[in-house]
Amino acid sequence: MSAPYETDALSAGADIAAGRITSEYLVRSCLERIEAREGAVGAWEYIDPDQALAEAASRDAEAPRSPLHGVPVAVKDIVATHDMPTGNGSPIYAGHRPAWDAACVALLRSAGMVVLGKTVSTEFAMRFPGKTRNPHNPAHTPGGSSSGSAAAVADGMVPLAIGTQTAGSVIRPASYCGCVGFKPTYGRIARAGVKMLAESLDTIGTMARTVPDAAAFAAVMEGIPVPPFNARSDPPRVAFCRSPAWSDAEPELEPAMNEGLERLRAAGAQIVERELPKSFDEAGDAHNVVMVYEGYRSLAWEFLARSEQLSDAIKAYTGPGRDMPRERYDWARRVQATCRAEFYQMFLGIDVVLTPAAPGEAPGDLSFTGSPVFNRIWTLLGVPCVTVPGLQGPRGLPIGMQVVGPAGHAAAVLGAAHWIHNALTR
């Protein structure tokens, strides 16, 4: 019999609603798991067990508000919480306590969910890593910037966690840690109260154990009723796309992708190979320009007033945005608009695009959270993406596949991702 902390979120919510378990019982089980594993993983920036248990007891005393009522959740430390510190992964904000919740946190609380604590983020959700280690092998990175969120979910500490993505910060750590990561269509979840990095790219996403859990949690944070999950029974039509990033693949990536494609074919999926339109050759560079240009301006106060407390890594990457010509930024936004318009051509006769979620297994270097090269294009497009776990590299670490669809069609993408996840893990 599995421990309560191992239960997926929707099943736990159903058990709480039916009176088979209590929220307090589930939260206590998660806290026990954290106590046993936090020393090895380091996923949490802040946690107050008494506060979490008191909140769970309050949820048990009322009627369920949503399918996730009473379910514990972790909040990335760049997302504001009125009752917990929000440090943004930076010494500049050590001990900072906002007077408000971010919109997504206010909405999940309104749905009856229990905030368990704050998970580690890299500095301002960029490159400089925090203390978190990969739960599968502590010598390897969990990825970034949603390091703690991915590691906590993958290690069974919490069933759901908030992540954010500006380049690859949901999809990549989910791949490295072996959980489901979902980046919705750009703008679907309000970013009010989240530390901004690049206004044209930043997207709130979810870490989960199952695709239906990820979909339900995203709906809660979007502020809409949780819809019935659009599970599909028929095999999807899939286009495998290496993308212009393929030259950056690690040696273990191609064998893993081939294995995954063979499993999907064996389960009945129709698979073709397609290349992106020629305009996408510039998309990776355009994403980098937008991120650097907007990143410096979003962090203008920190650069101008607290520069000595910024890491060398963030200065080296974002600092050049100060002197970047506006014309260069305008070029990048034009590439973004062109690629968004042309991406719909990919879906003639197919349901989803399948592409790597990361260059390979998690690097064995805790100072490096891995490359977002397989994520930049899709983030620039603002399209829904799902990391589907189920593959493994030669070092025994997870390798994920990334399911991508057109903007505004997340339900269909999630349905296909669920089918693919089942096919890879059956």
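The values are calculated or read from the model by the stated rules, or taken from the named source; none is laboratory data. Just so we're clear, the structure is a prediction, and the values are computed from it rather than from any experiment. Virtual Cβ from ideal backbone geometry, glycine too; neighbours counted across all protein chains shown. Areas reflect the complete protein model, heavy atoms only, side chains present, ligands, DNA and RNA absent. Shrake-Rupley method; radii C 1.70, N 1.55, O 1.52, S 1.80 Å.
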Selected residue (only one of Arg65, Arg28 is touching a residue at least 40 places away in the same chain (Cβ under 8 Å), open to solvent by 60 Å² or more (accessible area, probe 1.4 Å) and not β-branched (Val, Ile, Thr)):
Arg65
Residues that are surrounded by fewer than 24 Cβ atoms within 10 Å (Cβ to Cβ) and closer than 25 Å to Pro394 by Cα: does the stretch 160-178 have at least one?
no
Of all residues being of a type in the set (A, V, I, L, M) and in contact with a Phe, Trp or Tyr (Cβ under 8 Å, 6 or more places away or on another chain) in the stretch 208-222, which is nearest to Ala410 (Cα to Cα)? Just the residue, please.
Ala215
Subset of the stretch 93-131 [under 26 Å from Ser66 (Cβ atoms), in contact with a Phe, Trp or Tyr (Cβ under 7 Å, 6 or more places away or on another chain) and among the hydroxyl-bearing types (Ser, Thr, Tyr)]
Thr119
Consider Asn134 against the criteria (1) over 24 Å from Tyr5 (Cβ atoms); (2) open to solvent by less than 10 Å² (accessible area, probe 1.4 Å); (3) among the polar types (S, T, N, Q): it satisfies all of them except one. Which criterion is unmet?
(1)
Residues in the stretch 257-268: is at least one open to solvent by less than 60 Å² (accessible area, probe 1.4 Å), under 24 Å from the mean Cα position of the chain (by Cα), over 20 Å from Asp351 (Cα atoms) and not charged (D, E, K, R)?
no
Look through the stretch 342-361, keep the residues that are open to solvent by 40 Å² or more (accessible area, probe 1.4 Å) and at pLDDT below 95, and return whichever of them is farthest from Leu276 (Cα to Cα).
Leu348
Filter result for Met196 (farther than 22 Å from Glu38 by Cβ and surrounded by fewer than 24 Cβ atoms within 10 Å (Cβ to Cβ))
yes
Inspect the stretch 287-302 for any residue being under 21 Å from the mean Cα position of the chain (by Cα) and under 30 Å from Gly349 (Cβ atoms) and give the result as yes or no.
yes
